[in-house]
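Quick notes on the structure that follows.
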Amino acid sequence: MTSFLRGRALRVTRLDACGRPVYGEGNQVVTDGFITVGLSAEVQEGDAITVTKANGQTCINEPGEDQLQWYTTEIEFCDVDPDLVNIMNQGWDKVLDAQGNVIGFNANGTLSSDGYALELWLDTYGTSDACSGETAQGNWGYLLLPWVKGGAPGDIEVGNDAISFTFNGKTKVGSRWRRGPYPVQQQANGAPGPLLQPIGNNTHYRLFETTIRPPEPEAGAQPVDRPTPEVAELVITGVPGETPRRTVRLRADNHGFGPVLINWGDGTPETTAADGQYVTHTYTSDGSKTIQVRDQQTPAVTVSKTLTVPLPADDPQLVATADDPTDRYTVTASVTLPAQASGEASVDWGDGTDPELVTVGGGGEVDVTHTYKAAGVYTVTVRRSDVETYRARVAVAVPVQDDPEVTATEQSSDATGKTVHLVWDNSPNGPVSINWGDGTVVDQTETGTADHAYTANGSKTVTVTSKANAAASTSATFTIPFP
């Protein structure tokens with residue numbers, strides 16, 4: 001068990017309006033000239049629901065759920081660095097001497113700042129394996145506040161004693177600090193590096209033990225070196241309403257590291273796009289296209305995505321089946337994502353359980369199963385993780401009814417061998433939907449026969465699905481033309 005003791009060092013880093021580190025000269029200060037750092041939680045109490053009956057007794061008494069609003073920070077300095085004050089509050093400009101050296105600051109009326117990140121190193125006590133591993137440099141506590149807004153000054157009292165300066169702020173969620181630009185945690189290979197887990201959108205602060213030593217205090221503002229960025233995250237869709245779908249709409253999230261270069265894979269000039277900017281590109285030919293996105297400043301950091309033009313629909317595909325005839329409460333969801341998707345999706349089974357995150361394989365498909373606890377009609381929903389507005393839904397009645405009986409044979413009167421004769425029986429479970437596997441989908445009665453002529457050769461799969469239950473489905477596969 002580890003206890004945290006006194007503060008060892010403090011670092012503030014300038015952030016931009018989006019909560020991202022600002023790289024370059026004069027954007028960080030490391031100091032040990034502080035007395036205390038305080039965090040005070042601001043919690044909004046939830047509204048309680050209380051109802052009293054006519055006889056005076058309590059009918060309903062439900063407490064509300066409290067919500068953490070922010071933490072108020074209070075930092076008391078005994079050694080005030082004007083550069084640090086300027087990072088916390090850009091409206092307080094620096095005072096220079098005749099040689100251009102920073103000797104103080106102006107306490108102006110404007111309290112303006114995009115914000116700053118605050119890191120604090122602490123001593124530890126009671127750690128049994130403080131220096132485990134060959135590359136461990138010691139053991140410290142590490143406290144990170146990824147986004148603090150405001151540098152409001154506290155009271156100043158001048159007397160027969162040391163004078164201290166206090167500055168207050170408030171934490172803010174939504175930081176784009178991610179893994180950060182500094183080596184603060186031991187990596188898998190033992191080397192010092194940035195945070196292993198990126199800071200989330202709802203994080204006020206993070207506290208953990210680290211074996212990487214704190215930075216040495218330095219007077220004045222120091223540069224923030226641009227680290228090697230992570231590969232950009234790509235969001236790719238088509239353009240709604242376009243036929244054929246040859247236009248690609250792409251956004252590269254470069255995590256605040258600046259512009260990217262886009263090679264569209266068709267011989268056209270590269271496109272320069274700002275971090276997070278949507279750009280479009282229309283292909284003039286069909287086929288496989290490999291898009292390559294590179295960080296402009298560090299071109300070795302590259303991510304690629306291979307698409308097929310024309311693009312398929314942006315929505316995922318979802319087929320629900322009950323594959324075990326002895327267990328009709330277990331449903332299999334077959335999820336197919338288009339090639340332009342990120343490869344990740346969420347499956348909501350519609351019964352109040354948490355959505356299940358899935359990753360598709362190289363073919364863009366994955367099967368996941370779920371066992372329902374009670375009979376009922378449930379809506380299964382799958383959403384693309386990169387663009388959640390694209391989704392697919394099917395209704396499943398549990399327990400799942402028996403699958404339709406299906407027979408697919410050659411239509412003997414067709415000399416070309418391209419017409420299929422289909423016989424189905426879904427009694428007593430009602431009408432069916434027939435997907436002929438070539439883009440043709442029709443609704444039919446509970447039982448019946450139908451012929452369908454194919455125009456293209458190859459392997460075909462016809463699927464008959466009960467209209468009353470999407471998980472009751474039967475498929476037949478054959479080759480056109482029939483031998």
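Numbers below:
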{"read-out": "For the chain: relative contact order, % (alpha-carbon pairs under 8 angstrom, 6 or more apart)", "value": "10 percent"}
{"read-out": "Pairs of alpha carbons in segment 377-442 whose separation is greater than 21 Å (percent)", "value": "50 percent"}
{"read-out": "Within-10-Å neighbourhood charge of residue 200 [Cβ basis; K, R +1; D, E -1]", "value": "+2"}
{"read-out": "Total formal charge among the other residues, if their Cβ is under 12 angstrom from that of residue 334, Lys/Arg +1 and Asp/Glu -1", "value": "-3"}
{"read-out": "Under 5 Å, built H, 5+ apart or other chain: amide partners of residue 397", "value": "378, 470, 471"}
{"read-out": "Over the chain: helical MRE at 222 nm, DSSP H runs n ≥ 4 each giving -39500 (n - 2.57), nearest 500", "value": "-500 deg cm²/dmol"}
{"read-out": "Where trypsin sites (Lys or Arg not before Pro) fall in DSSP loop in segment 222-275, at most 12 other Cβ within 10 Å", "value": "none"}
{"read-out": "Paired Rg and Dmax values of the chain, which use every Cα atom, in angstrom", "value": "31.3, 111"}
{"read-out": "Rounded if a/c under 1.5, otherwise prolate or oblate - segment 263-419, Cα gyration tensor axes", "value": "oblate"}
{"read-out": "Proximal lysines relative to residue 289, as straight alpha-carbon distance under 29 Å, when same-chain residues fewer than 8 apart are discounted", "value": "305, 460"}
{"read-out": "Alpha-carbon radius of gyration plus Dmax, which is the widest Cα pair, for segment 317-398 in Å", "value": "12.4, 38"}
{"read-out": "Full-stretch length increase - residue 66, residue 374 - with 0.36 nm per residue and alpha-carbon distance subtracted", "value": "107.6 nm"}
{"read-out": "Simple label model, 7 Å out from Cα along Cβ direction - residue 39 to residue 226, nm", "value": "3.2 nm"}
{"read-out": "Two-decimal Rg to Rh for segment 405-480 - Kirkwood Rh, Cα set", "value": "0.97"}
{"read-out": "Span from the segment 191-215 Cα centroid across to the segment 260-286 one, whole angstrom", "value": "35 Å"}
{"read-out": "Sparse-neighbourhood loop sites, GluC sites (Glu not before Pro) in segment 178-280 - DSSP loop, at most 15 other Cβ within 10 angstrom", "value": "218, 242, 270"}
{"read-out": "Using a Förster distance of 45 Å, the FRET efficiency for residue 114-residue 188 (Cβ separation, nearest 0.05)", "value": "0.85"}
{"read-out": "Reachable aspartates and glutamates, given that their alpha-carbon falls under 15 Å from the alpha-carbon of residue 467 and they are not under 8 places away in the same chain", "value": "402, 403, 405, 425, 443, 446"}
{"read-out": "Estimated translational D of segment 3-224 in µm²/s (Stokes, Kirkwood radius over Cα pairs; 10 °C; 1.306 mPa s)", "value": "82 µm²/s"}
{"read-out": "Over segment 233-309: Rg over Rh, Cα atoms, Kirkwood Rh", "value": "0.96"}
{"read-out": "Whether segment 335-483 is rounded, prolate or oblate, judged on the alpha carbon gyration tensor where a/c under 1.5 counts as rounded", "value": "oblate"}
{"read-out": "Proximal lysines to residue 94, defined as alpha-carbon separation beneath 22 angstrom and excluding residues fewer than eight positions away on the same chain", "value": "149"}
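A short reminder: the numbers here are calculations on the coordinates, not readings from a lab. Quick caveat, the model's predicted, so the values are computed rather than measured. So basically every Cβ, Gly included, is an ideal-geometry build from the backbone, and we count neighbours across all protein chains shown.
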